[in-house]
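The values are calculated or read from the model by the stated rules, or taken from the named source; none is laboratory data. Since we're looking at a predicted model, the values are computed, not measured. Virtual Cβ from ideal backbone geometry, glycine too; neighbours counted across all protein chains shown.
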């Protein structure tokens, strides 16, 4: 018996037999005709073919899939291996995955066949396939998730970003890998983010952080990122998993809500302020009347003075009612419920009536109201609301007119009726021309002028509802001219 | 009632200004009035100095804060006591240097109490 030169001496036959039996891998020896000379117990276990059924049988009949270049190489004297070989064992109806080492079998000084060392890797392959399926399922779920997901290794480098993340940032996995993701964080947020990330990572703590992340279109969006440590089956730290949601809309809503609350509070403050002035007058006169009636003998009561004071009380009640009506208008317009009763109205008559009604008020602050009109200008409008528009404009002109003349003109051009109210007062800076038509806005400080800041806003809402326009032309210190243009329809 | 100098009422709302003057007259006080800070300063500097000023804060052109600043910087009128009448409930953001602060709606008794307190000789 000849052995390869590398072997010192052959094992005793009883030892050789025990070695074969102890080996968990299968051992097969075939002659040059590929018939089985030896079939170890492990090989019988792996294939399900007993030794007795294998000895003398052609190997490739028992396991046809073992026909291979490697087998032929071994039979020619060159050892070779083949991993992950899928084979079928027809007799046992088994599908197996095998790692096979093919070696030449030396007999009587020459190649007399081949020896196959067969490792059954079927279970490992099954687990590998399961893991691949689990991973594929995770990736599918992660990519389909509406949230941005990431995974980090134990060294804190990020190695996975789901498709949602990559679509959001418009970057590749290679760009985001490691700490590449931080490149797209807003410069003002990035250091805070990295600090939080590293500190929590080191402490294995769950963390939440908000930051601005640049979207594929270049817009920064607010992101809420929650990172959680993950652990392996034996409890060993395996890195972090993180999920992010876009909270920009929520943050905007929060900002809008805070602004709305602030606006409401300011409005309530102004409203209470506006109510307190007529309430003061009302209260002083009623208290004064009570004192007079209590302290003076009835025969000395001055009927004319009492009536005068009662008239003032009545005026203040009307004024309060108007303020309450204005407050209700804010609510009605905000809810789109400004009631309109459209009928044929003469703009000239309405404007003339307003001028007549406000002439005394204007005179009290030294303002002369003038009125000029081409003639009747009929249209389809709500008379009460049209009156409200003209009144708001003339009241503003008196209020901000510094006692100088206010001119009200009503003209027509084709089918257009035009009302202009011009004062020569403090004027309005061009940058405020549009803002003053907004709710609760004013061009001047509240320290100087009262009012809700709704007169022009209401006027514009009404004119809009009539299908018309309202504009202002003004410069600071040079007065202002408000113009309302409406379409005439007799 | 030994007070001869009038009480100056500075208030831009005409109805309220007249109401305050009315009730003060009923209570035996002489009054003068102004609708802006400028008019009031002109009046005070013209020689007819009031014994006390009742001052509204929110007024066109020169408001109450500006009036008070001007008054305090003029030694001839700086010592005239001022009672502020304000509709604002929170003056922390814009404090005003005054002897008394009354909150609107004001009552006759509150005004009279403030005057009597600051001008003992008037009562």
Scan the stretch A:32-54 for residues that are in a strand (DSSP E or B) and surrounded by fewer than 16 Cβ atoms within 10 Å (Cβ to Cβ) and jot them down.
none
Can you work out which of the residues in the stretch B:1-16 that are touching a residue at least 24 places away in the same chain (Cβ under 8 Å) and more than 24 Å from residue A:295 (Cβ to Cβ) is nearest to the other protein chains (Cβ to nearest Cβ)?
B:13
If we scan the stretch B:35-50, do we find a residue that is in contact with a helix residue (DSSP H, G or I) (Cβ under 7 Å, 6 or more places away or on another chain), crowded, with 17+ Cβ neighbours inside 10 Å and within 11 Å of chain A (Cβ to nearest Cβ)?
yes
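So which residues in the stretch A:321-371 are within 14 Å of chain B (Cβ to nearest Cβ), within 26 Å of residue A:422 (Cβ to Cβ) and assigned to a helix (DSSP H, G or I), if there are any at all?
Of everything in the stretch A:321-371, those that are within 14 Å of chain B (Cβ to nearest Cβ), within 26 Å of residue A:422 (Cβ to Cβ) and assigned to a helix (DSSP H, G or I) turn out to be A:322, A:358, A:360, A:361, A:362, A:363, A:364.
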If you go through the stretch A:193-222, how many residues are under 18 Å from residue A:164 (Cβ atoms) and out of contact with any helix residue (DSSP H, G or I) (no Cβ under 8 Å at 6 or more places or on another chain)?
3
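Of all residues in the stretch A:302-315, which are more than 10 Å from chain B (Cβ to nearest Cβ) and within 17 Å of residue B:23 (Cα to Cα)? Walk me through it before giving the result.
Start the filter on the stretch A:302-315 by keeping residues that are more than 10 Å from chain B (Cβ to nearest Cβ), which leaves A:302-304, A:306-307, A:310-311, A:314.
Matches in the stretch A:302-315: A:302, A:303, A:304, A:306, A:307, A:310, A:311.
Mind listing whichever residues of the stretch A:363-378 are surrounded by fewer than 21 Cβ atoms within 10 Å (Cβ to Cβ) and touching a residue at least 12 places away in the same chain (Cβ under 8 Å)? Full working, then the answer.
So the first thing to find is which residues in the stretch A:363-378 are surrounded by fewer than 21 Cβ atoms within 10 Å (Cβ to Cβ), and the list is A:363-366, A:368, A:370-376, A:378.
Answer for the stretch A:363-378, where residues must be surrounded by fewer than 21 Cβ atoms within 10 Å (Cβ to Cβ) and touching a residue at least 12 places away in the same chain (Cβ under 8 Å): A:365, A:366, A:368, A:370, A:371, A:372, A:373, A:374, A:375, A:376, A:378.
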Among B:112, B:53, B:82, B:106, which is the only one that is within 12 Å of chain A (Cβ to nearest Cβ) and farther than 23 Å from residue A:269 by Cβ?
B:112
Among the numbered conditions (1) at the interface with another protein chain (Cβ under 10 Å from one of its Cβ atoms); (2) touching a strand residue (DSSP E or B) at 6+ places or on another chain (Cβ under 7 Å), tell me where residue B:32 comes up short.
(1)
Somewhere in the stretch A:66-76, is a residue surrounded by fewer than 14 Cβ atoms within 10 Å (Cβ to Cβ), closer than 20 Å to residue A:29 by Cα and in contact with a helix residue (DSSP H, G or I) (Cβ under 8 Å, 6 or more places away or on another chain)?
yes
Candidates A:164, A:139, A:88, filtered to the one that is part of a helix (DSSP H, G or I) and in contact with a strand residue (DSSP E or B) (Cβ under 7 Å, 6 or more places away or on another chain)
A:164
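Residue check: is residue A:185 in contact (Cβ under 8 Å) with a residue 60 or more places away in the chain and closer than 22 Å to residue A:156 by Cα?
Values: in contact (Cβ under 8 Å) with a residue 60 or more places away in the chain: no; closer than 22 Å to residue A:156 by Cα: yes.
Considered against the rule, which asks whether it is in contact (Cβ under 8 Å) with a residue 60 or more places away in the chain and closer than 22 Å to residue A:156 by Cα, residue A:185 comes out as no.
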Condition check: within 13 Å of chain B (Cβ to nearest Cβ) and in a helix (DSSP H, G or I). Does residue A:318 satisfy that?
yes
Please verify whether residue A:82 is closer than 29 Å to residue A:129 by Cβ and modelled with pLDDT of 95 or more, treating the condition exactly as stated.
no
Within the stretch A:396-444, residues within 14 Å of chain B (Cβ to nearest Cβ), assigned to a loop (DSSP other than H, G, I, E, B) and touching a residue at least 60 places away in the same chain (Cβ under 8 Å) come out as A:400, A:401, A:404
